[in-house]
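*Asks:* Handing you this structure, nothing more for now.
Every read-out reported here was derived from the displayed coordinates using simple, explicitly stated rules and does not represent laboratory data. A quick note: this is a predicted structure, and the numbers were derived from the prediction, not measured. For neighbour counting, all protein chains shown are included, and Cβ atoms are generated from backbone atoms with ideal geometry for every residue, glycine included.
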C-alpha cells in the first residue's frame with residue numbers, strides 16, 4: 001500500500017493523531033489534544049478581485065484556521081491522503097497534527113474536522129519544549145513510513161506512518177550534506193520522495209532553506225538510491241526555500257518565501273526539471289506563481305501535490321503563523337493547469 005493510502009486510513013481518527021482504525025487505536029498519550037477549529041472561507045486569492053487564474057494555477061479555495069487553544073500554529077508541512085479528504089502534518093514546535101477536510105459540492109475547502117495534535121518523540125521516546133531539538137520543517141510519506149526533516153538539530157527521522165504520533169523514530173537517514181555546511185536555523189527545510197516517473201524514482205530528496213555554498217547557491221541532496229549525493233539549487237534573493245513536492249511527471253515544485261520590513265511578505269513557486277536532479281548539479285527553473293500581501297498569503301511554509309480521481313493535479317499550501325497574533329494559519333488550494341495548456 002502506498003504512503004497516501006496509509007494516510008487515508010490514518011485520517012479516520014476521531015480522538016488522536018495516532019489513530020488509524022478502531023482496531024489499531026493505541027492508548028492516548030496525556031499530551032494528545034483535540035482542538036476545536038474555526039474555519040473562515042477564503043473565496044478569492046487576490047484581495048478585492050474575483051480573478052481565479054494565476055500563472056499556471058487556478059485558485060480553488062482556502063481556509064483561515066483559528067482556535068481558542070494556543071497550541072494551534074507553527075504548521076510547517078502538510079500531506080494529503082489519496083482521496084484528498086484528510087491530512088497529516090508537522091509543526092515546528094515539535095508536534096504532529098492531523099484532521100479531515102470538509103468540501104462543498106464543487107470540491108472546494110469548506111471546513112476542518114477532527115483536528116488533533118500529538119508530540120513528536122525522539123529515539124528515547126520522549127519529547128522536549130526546547131524547540132531546537134524538535135524544529136520539524138518537512139514531511140514526506142514513503143510506503144509505510146513518515147519522514148521528518150528537522151532544521152536545527154539536523155536530521156531526518158523515520159516514523160511508522162501507521163501511528164506516528166505515538167511512536168519513536170524507527171530509523172534515521174544520513175543527511176549526506178556535510179553538517180558543517182548546514183547553517184543554524186537555515187537547515188533542512190524540504191523533504192520529498194521522487195515519484196515513479198522521475199529518473200530518481202523512490203529516492204528521498206532534501207533541500208535546505210538557506211545553507212549556501214561559496215557561490216551563494218542552496219545546499220540540497222539526494223539521500224537514498226544509486227544517485228545519492230549533494231546538488232545545489234540556484235538562489236534568487238531575497239527568496240528562500242520552505243518546501244517542495246514532485247509533480248506526477250517527476251518535475252519538482254519548490255515553494256519559496258521572502259520577507260523584509262520594506263516589502264513585507266511574498267511567496268512564489270518554482271518548477272525544476274526532473275532531468276537536472278543529480279549529484280553535483282546546479283538546478284534552476286521558471287517561476288510559475290508569485291504572490292505578495294495583495295494576495296491571501298502569509299508565511300507560506302508547506303506544499304503538497306495531489307491528484308484526484310480524474311487525474312487533475314492540485315497544490316495545497318499551508319502557512320506558519322509563528323504563534324503571532326499578527327499572522328494567520330492558512331490553507332490554500334490551487335488546481336495546477338500548466339501541463340494542460
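*Asks:* Using only Cα atoms, locate the centre of region 117-138 and the centre of region 79-105, then give the distance between them in Å, rounded to an integer.
*Replies:* Measuring centre to centre over Cα atoms gives 19 Å.
*Asks:* Would you mind ranking 192, 113, 306, 316 so that the residue whose beta carbon has the fewest other beta carbons within 10 Å leads the list?
*Replies:* Sorted ascending by nearby Cβ count, the order is 113, 306, 316, 192.
*Asks:* Remind me, relative contact order of region 196-323 in percent, using alpha carbon pairs under 8 angstrom and six or more residues apart?
*Replies:* It rounds to 19 percent for region 196-323.
*Asks:* Next question, about the same structure. I need the Kirkwood Rh of the chain: take the reciprocal of the average 1/r across all distinct C-alpha pairs and report it in angstrom.
*Replies:* Over the chain, the inverse of the mean reciprocal pair distance is 19.8 Å.
*Asks:* Now for a separate question. Mind listing P(r) for region 116-182? All alpha-carbon pairs, 10 Å bins, whole percents.
*Replies:* Histogram of Cα-Cα distances, whole percents per bin: 21, 57, 21, 2.
*Asks:* Quick one: order 36, 181 by neighbouring beta-carbon count within 10 Å, fewest to most. Walk me through the intermediate numbers first.
*Replies:* Numbers: 36 11, 181 14.
Placing the least packed residue first, the sequence is 36, 181.
*Asks:* Continuing with this model, one more query. Taking neighbour counts of Cβ atoms within 10 Å as a proxy for exposure, in what order, fewest first, do 170, 261, 205 appear?
*Replies:* 261, 170, 205
*Asks:* At a threshold of 8 angstrom on Cα-Cα distance, excluding pairs fewer than six apart, so keeping six or more, what relative contact order does region 3-340 reach in percent?
*Replies:* It comes to 17 percent, rounded to a whole number.
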